[in-house]
1. With only alpha-carbon atoms counted, please give the Rg and Dmax of the chain, in Å.
2. Excluding ligands, DNA and RNA, what is the solvent-accessible area per residue of the chain at a probe of 1.4 Å, expressed in Å²?
3. Could you give me the percent of Cα pairs per 10 Å distance bin for segment 74-130, shortest bin first, beginning at zero and ending with the bin that holds the maximum distance?
4. Using the Karplus curve 6.51 cos²θ - 1.76 cosθ + 1.60 with θ = phi - 60°, work out ³J(HN,Hα) for each residue of segment 114-128 in order, rounded to whole Hz, and write x for Gly and Pro.
5. Give the calculated FRET efficiency between ASP46 and GLU25 to the nearest 0.05, with a Förster radius of 25 Å applied to their Cβ-Cβ distance.
6. Rounded to a whole number, what is D in µm²/s for segment 1-57 from Stokes-Einstein with the Kirkwood radius over alpha-carbon pairs (37 °C, 0.692 mPa s)?
7. Between ILE52 and residues 5 or more places away or on another chain, which pairs have amide H atoms under 5 Å apart, with H built 1.01 Å from N, and which residues are they?
Amino acid sequence: MWSHYTDGHKGVCIEFDPKHLKKVEKSLLFKTTYSDDFPHVYEDKDLQKALITKSICWNYEKEYRMLCPRKGAVKFPQEAITSVIFGAKTDISEIRRLIQLIRNCGYSHVSFKKAEIDSNKYKLVYSLIN
């Protein structure tokens, strides 16, 4: 998902603890459904199914989606964030800046990791940042 959603490995991934996300007011956490067929929306009740369905080609992502029935920012408990993972091509000065910002905002429990592209395999390796 790094190359699709984080500007070619230059962004961040925020890791959440799903048990804390269940506490978010009026939000619903769903495991994404993968299918070869488009979901059909005939009534409002079908909309939820459409919002949590993706093409079968993305099933390796094992994605979850949180749906909130209201507009605007969603507040969640600080303990919901467990770690921040920086992409393999994130600039070191940006990493330092974001770590400082996150710490200053009271997220002292959050761990930080850096993704690195494995030189021998088609995979990423994650290392802890101290």
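The values are calculated or read from the model by the stated rules, or taken from the named source; none is laboratory data. Not measured: the values here are computed from a predicted model. Positions of Cβ are backbone-derived with ideal geometry, glycine not excepted, and every protein chain shown enters the neighbour counts. Note: accessible area is taken over every heavy atom of the protein model, side chains too, but ligands, DNA and RNA are not part of it. Shrake-Rupley method; radii C 1.70, N 1.55, O 1.52, S 1.80 Å.
1. Spelled out, the Cα radius of gyration and Dmax of the chain are 17.1, 51 Å.
2. Numbers: 9580 Å² over 130 residues.
That works out to 74 Å² for each residue.
3. Going from the shortest bin to the longest, the percentages are 21, 47, 26, 6, 0.
4. Along segment 114-128, the couplings run 10, 7, 9, 7, 5, 7, 10, 9, 7, 7, 10, 10, 10, 10, 6 Hz.
5. Values: r = 24 Å, r/R0 = 0.97.
That gives a FRET efficiency of 0.55.
6. Numbers: Rh = 13.9 Å.
Answer from the Stokes-Einstein relation: 236 µm²/s.
7. Sorted by chain and number, the residues that satisfy this come to none at all.
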